[in-house]
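Asks: Questions regarding the structure given below will be posed in turn.
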Amino acid sequence: MAPWLETPPGQYLLAWEQAQLDEAVADLFGFHALQMGLPQLQGLRANRMPNRWLACGAFGAEDVEAGVAHALCCEPEYLPFADQSLDLVVLPHTLERAEDPHRSLAEVERVLRPEGRVVIAGLNPVSLWGLRQRGGRLARWAGMWRHQPCYLPAAEEWIGYWRLRDWLRLLNFELEVGRMGCYRPPLSTQRWLDRCAWMERLGAHWWPVLGAAYFIVAVKRVRGMRLVGLSRSPRAAGAVAAPASVIGRWPPSRSREAPSGSPSTRTHTEDT
């Protein structure tokens, strides 16, 4: 993917994602942040957490971005961090190139603290860019343009926006930010990309779900406990209940006795 990012469409994609990341991570506080892969994108440069890592794994790391204190080599499916030890994890096109994207996302859930955030950037298969990519693969399969590279770099699996949202929901993540961008057609030259700049505004308004890339910020939620009964403290030893005043009785007592020999008295005696 690194050579493709040097092309005009790659630079166009990086510029949009860099702007989204700078805005999303600027006000996130904590102590430990991790970016997994894609060192060409400075995902943590606007963040102020004291401990920041850049993990490259098998994707390769030519240079460590400026502002990242530590660099390490690991796979996204096996992060070398303790449970609930990170406050922020950035995944720029990481799930697309992971051997097991669902396990990688579950590993992120493991290392994130409650209320920690995961930031994900990916390519949208339901877009003009995705359509051209599938068309190029179909043409190569049919024997045409075999020596012509596809428009986008090869990826193990493209994960759709709605599919990724379902994965996050299953892992107790709550979506905080979800947007798409890069609405210009899949063109290869900077000149034509600049000419189609007007499609950014129209695309965000008329076909917002057809952007070439998506950007997601999700928060890890941990459900609290719910009380099922009242907590009753035992009465202190030697405590004496306060006297209570009787304000009435039921049934009410007779105000006066019935006279002897009255019909009510005789009826009661006979019934007995």
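Asks: Excluding ligands and nucleic acids, what accessible area in Å² is computed for Arg179 using a 1.4 Å probe, to the nearest 10?
Replies: Probe radius 1.4 Å; accessible area of Arg179 about 90 Å².
Asks: Hey, can you rank 70-81, 8-19, 28-39 by average C-beta count inside 10 Å, highest first? Numbers along the way, then the final one.
Replies: Values: 70-81: 15.8, 8-19: 17.5, 28-39: 21.6.
Answer by packing, highest mean first, reads 28-39, 8-19, 70-81.
Asks: Can you list residues whose amide H is under 5 Å from Leu34's amide H, if they're 5+ apart or on another chain and H is modeled 1.01 Å from N?
Replies: Residues meeting the criterion, in which the H sits 1.01 Å from N, are Trp53, Leu88, Val89, Val90.
Asks: Taking the full set of protein chains and a 1.4 angstrom probe, give the accessible area of Arg113 in square angstrom, rounded to the nearest 10.
Replies: The accessible area comes out at roughly 80 Å².
Asks: Per residue of the stretch 170-177, what does 6.51 cos²θ - 1.76 cosθ + 1.60 with θ = phi - 60° give for ³J(HN,Hα)? Whole Hz please, x for Gly and Pro, Karplus curve as stated.
Replies: Values, residue by residue: 5, 9, 6, 9, 10, 5, 9, 9 Hz.
Asks: ³J(HN,Hα) across the stretch 194-204 via Karplus (A = 6.51, B = -1.76, C = 1.60, θ = phi - 60°), whole Hz, x for Gly/Pro?
Replies: Once θ is set to phi - 60°, the couplings for the stretch 194-204 become 5, 5, 9, 5, 5, 6, 4, 5, 5, x, 5 Hz.
Asks: Let me ask something else about it. Kindly report, to the nearest 10 Å², the accessible surface of Asp27 as traced by a 1.4 Å probe over protein heavy atoms only.
Replies: 110
Asks: Where does each of Thr7, Thr94, Thr189 land when they are ordered by accessible area, with a 1.4 Å probe and the largest first?
Replies: The ranking, largest first, comes out as Thr189, Thr7, Thr94.
Asks: Once the piece of chain linking Arg191 and Arg48 is laid out straight, how much longer is it, given 0.36 nm per residue of separation minus the C-alpha distance between them?
Replies: 47.8 nm
The values are calculated or read from the model by the stated rules, or taken from the named source; none is laboratory data. Predicted model, so just to flag it, every value in this text is computed and none were measured. FYI the Cβ positions are ideal-geometry reconstructions off the backbone, even for glycines, and counts take in every protein chain you see. These area figures cover heavy atoms from the full protein model, side chains too; ligands, DNA and RNA do not enter into them. Shrake-Rupley method; radii C 1.70, N 1.55, O 1.52, S 1.80 Å.
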